[in-house]
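*Asks:* The structure that follows is given in the form of structure tokens.
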Amino acid sequence: LIFSGVVVDLCVRHKVANSLPYLLSLATTANIGSALTVTGNPQNILIVSLAYDDIGWLEFARNQFLPVCAATIINIGMMFVYYGAELFPGSSGIAENFGILFFGNRTPEMLAQEHAYYARQAAAKEGFEEESAGWTIWSKLQVVIVITFLICFGIGLDVCVVSICAGAILMVVAAYKRQHYDPRPDNVQYDHEGNPLPPKKTYDMDGNEIEPEEEELVTESETTLTEVDYGLLMLFIGQFLLIGSFDDTGVPQAFFNVSMGKCAAQMTEGPCVYWFVMIITILSNVASNVPVCQMLAATFPYATPYDWLQVSFSATIAGNLTMLGSAANMIVAFQAAKVGDRTFTSERHAPFGIPSTIICLYAGTFLLATFHTAPECSERLGTCGQE
């Protein structure tokens with residue numbers, strides 16, 4: 001989701017008439033991709049912490065690889081079918097779309113748009129020095145930290161400790177760069193010709209000029225705290241409190257027993273798994289996927305690693321069903337709305353999101369049920385040796 005601002009900015013720069021395909025593909029692909037690893041999204045982290053048996057980072061990724069790849073391919077294919085005309089202007093069909101995508105072919109309409117864009121860029125750069133391109137030492141350092149972060153996950157170090165350490169190191173690096181290397185903000189105002197305007201003078205009641213106060217230094221704590229999305233934070237806090245209280249009533253357990261029927265004792269076995277993931281999908285769009293995972297932990301506390309992998313995949317893919325299914329959709333819509341782009345709405349999301357989610361959900365569930373390596377028993381309970 002760090003690319004949401006970039007995608008919105010590119011749509012504005014290129015004067016894209018319909019940004020919906022780009023915003024929709026960003027949100028849906030971000031949801032699907034986050035199902036791959038433990039640290040991909042909050043519900044996966046919660047699942048690993050709530051699971052009775054340990055689930056390693058590599059074990060999680062190994063089991064989710066095929067379902068996530070299949071869901072990504074399906075989502076891309078449906079994006080081509082639904083929005084091929086917007087993504088490939090002037091294309092005659094799917095065959096030409098693949099030529100454009102993989103072999104660099106261009107239609108006359110695409111060439112005209114590219115020429116218009118480069119003409120605007122050339123006009124905008126007149127009179128300005130060319131900025132140096134390429135990776136800075138800070139970008140390379142951040143890449144090294146992220147790679148080390150992933151290696152630590154792969155060798156089995158504690159997820160919480162690694163995440164906190166990596167986050168702290170990245171914050172320190174960013175703070176040092178901002179304080180010692182980034183240029184100070186330019187508060188000088190300019191006229192329409194680009195000439196700097198003199199600072200405005202202020203006077204007191206007696207007509208004496210008031211000397212401007214020195215600009216206060218903004219601390220790193222103030223910079224960091226202003227970037228926190230407190231509204232989203234309070235939303236999740238409220239959800240956890242509400243679901244936690246709801247779990248104590250015993251209603252979730254009774255609901256699952258009623259809704260699953262004869263499959264209540266074998267939720268992820270045989271055909272029952274397909275009804276099970278549909279129940280999770282519906283609940284995830286009613287109460288959001290993170291609280292649903294917390295609710296399921298109270299419903300079956302001794303679930304096997306394979307059970308939790310099915311929960312993780314279905315709860316994550318469920319975020320693509322409706323606009324309110326996941327925080328990713330809301331974040332992308334909010335980023336677009338900040339620049340006046342309100343094309344990413346519930347009505348426009350549903351025609352693509354509903355069929356794409358259902359197909360991806362059942363295709364991934366089938367692959368996970370067929371080709372998983374996670375145990376379908378509990379090692380801590382000693383049931384793995386039983387036939």
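*Asks:* Determine the order of MET278, MET79, MET234 by accessible area, beginning with the largest, at a probe radius of 1.4 Å.
*Replies:* MET234, MET278, MET79
*Asks:* Are there trypsin sites (Lys or Arg not before Pro) in region 13-96 that DSSP puts in a loop and that have at most 14 other Cβ atoms within 10 Å, and which ones?
*Replies:* Those that pass, being in a loop and sparsely packed, are LYS15.
*Asks:* Set the Förster radius R0 to 30 Å, insert the Cβ-Cβ distance between LEU233 and THR148 as r into 1/(1 + (r/R0)^6), and round the FRET efficiency to 0.05.
*Replies:* So, using R0 = 30 Å, E works out to roughly 0.60.
*Asks:* For LYS338, what accessible surface area do you get with a 1.4 Å probe? Give it in Å², rounded to 10.
*Replies:* So the heavy atoms of LYS338 present about 130 Å² to solvent.
*Asks:* Another question, then. First measure r as the distance between the Cβ atoms of THR249 and LEU157, then evaluate 1/(1 + (r/R0)^6) with R0 = 51 Å and state the FRET efficiency to the nearest 0.05.
*Replies:* 0.85
*Asks:* For region 1-107, what does the alpha-carbon gyration tensor say about shape, rounded, prolate or oblate, given a ≥ b ≥ c as the root eigenvalues, a/c under 1.5 as rounded, and a/b over b/c as prolate?
*Replies:* In terms of gyration-tensor shape, prolate.
*Asks:* What is the spin-label model distance, in nm, from LEU241 to ALA116 if the labels are put 7 Å beyond Cα along the C-beta direction?
*Replies:* Distance between the two pseudo-spin positions: 5.2 nm.
*Asks:* For TRP135, TRP57, write out the residues from largest to smallest accessible area, computed with a 1.4 angstrom probe and no ligands counted.
*Replies:* Order by accessible area, largest first: TRP135, TRP57.
*Asks:* Which whole-Hz ³J(HN,Hα) couplings does region 278-292 yield from phi under the Karplus relation 6.51 cos²θ - 1.76 cosθ + 1.60, θ = phi - 60°, glycine and proline marked x?
*Replies:* Here the 3J(HN,Hα) series is 5, 4, 5, 4, 5, 5, 5, 8, 8, 10, 6, 6, 5, x, 5 Hz.
*Asks:* Roll a 1.4 Å probe over the protein heavy atoms and report the accessible area of GLU211 in Å², nearest 10.
*Replies:* 140 Å²
*Asks:* For the chain, what is Rg from Cα atoms divided by 2.2 N^0.38 Å, rounded to two decimals?
*Replies:* Dividing the Cα Rg of the chain by 2.2 N^0.38 Å gives 1.21.
*Asks:* Starting from the Cα gyration tensor of region 276-382, take the square roots of the eigenvalues, sort them a ≥ b ≥ c, and report rounded, prolate or oblate (rounded when a/c is under 1.5, otherwise prolate if a/b is larger than b/c, else oblate).
*Replies:* Prolate is the answer for region 276-382, as a/c is 1.5 or above and a/b outweighs b/c.
*Asks:* Still on this model: Name the lysines eligible as straight-distance cross-link partners of LYS140: C-alpha to C-alpha under 17 Å, and not fewer than 8 places from it in the same chain.
*Replies:* LYS177
*Asks:* Measure out, as a whole number of angstrom, how far apart the alpha-carbon centroids of region 254-295 and region 1-54 sit.
*Replies:* 24 Å
*Asks:* While we're here: So what J values fall out for region 354-362 if you push phi through Karplus, 6.51 cos²θ - 1.76 cosθ + 1.60 with θ = phi - 60°, rounded to Hz, Gly and Pro as x?
*Replies:* My calculation for region 354-362 gives 5, x, 4, 5, 5, 5, 4, 4, 6 Hz in order.
*Asks:* Give me a comma-separated list of calculated 3J(HN,Hα) values for region 107-118, in order, Karplus coefficients 6.51, -1.76, 1.60 applied at θ = phi - 60°, integers in Hz, x for any Gly or Pro.
*Replies:* With the stated coefficients, region 107-118 comes to 8, x, 5, 5, 5, 5, 5, 5, 5, 5, 5, 5 Hz.
*Asks:* Then there is this: What does the helix-only formula give at 222 nm for the chain: each DSSP H stretch with n ≥ 4 adding -39500 (n - 2.57), the total divided by the residues, and the result rounded to the nearest 500 deg cm²/dmol?
*Replies:* Computed mean residue ellipticity for the chain: -21000 deg cm²/dmol.
*Asks:* Another question about this same structure. For each cysteine in the chain, check whether another cysteine's C-beta sits under 4.7 Å from its C-beta; list those where none does.
*Replies:* Result for the chain is CYS11, CYS69, CYS152, CYS160, CYS165, CYS293, CYS360, no neighbouring Cys Cβ within the cutoff.
*Asks:* Want the number for PHE371 to SER92: 0.36 nm per residue separation, take away the alpha-carbon distance, what's left?
*Replies:* 96.6 nm
*Asks:* Still on this structure, please answer the following. To the nearest 10 degrees, how steeply does helix 4-13 sit against the main Cα axis of the chain, on a 0 to 90 scale?
*Replies:* Long axis of 4-13 versus the principal axis of the chain: about 50 degrees.
*Asks:* Once each part is reduced to its C-alpha centroid, what is the distance from region 72-104 to region 340-377 in angstrom?
*Replies:* That distance is 20 Å.
The values are calculated or read from the model by the stated rules, or taken from the named source; none is laboratory data. Everything numeric here is computed off the predicted structure, so don't read it as measured data. All Cβ positions, even for glycine, are placed from backbone atoms using ideal geometry, and neighbour counts span all protein chains on display. Only protein heavy atoms, including side chains, enter the accessible area calculation; ligands, DNA and RNA are left aside. Shrake-Rupley method; radii C 1.70, N 1.55, O 1.52, S 1.80 Å.
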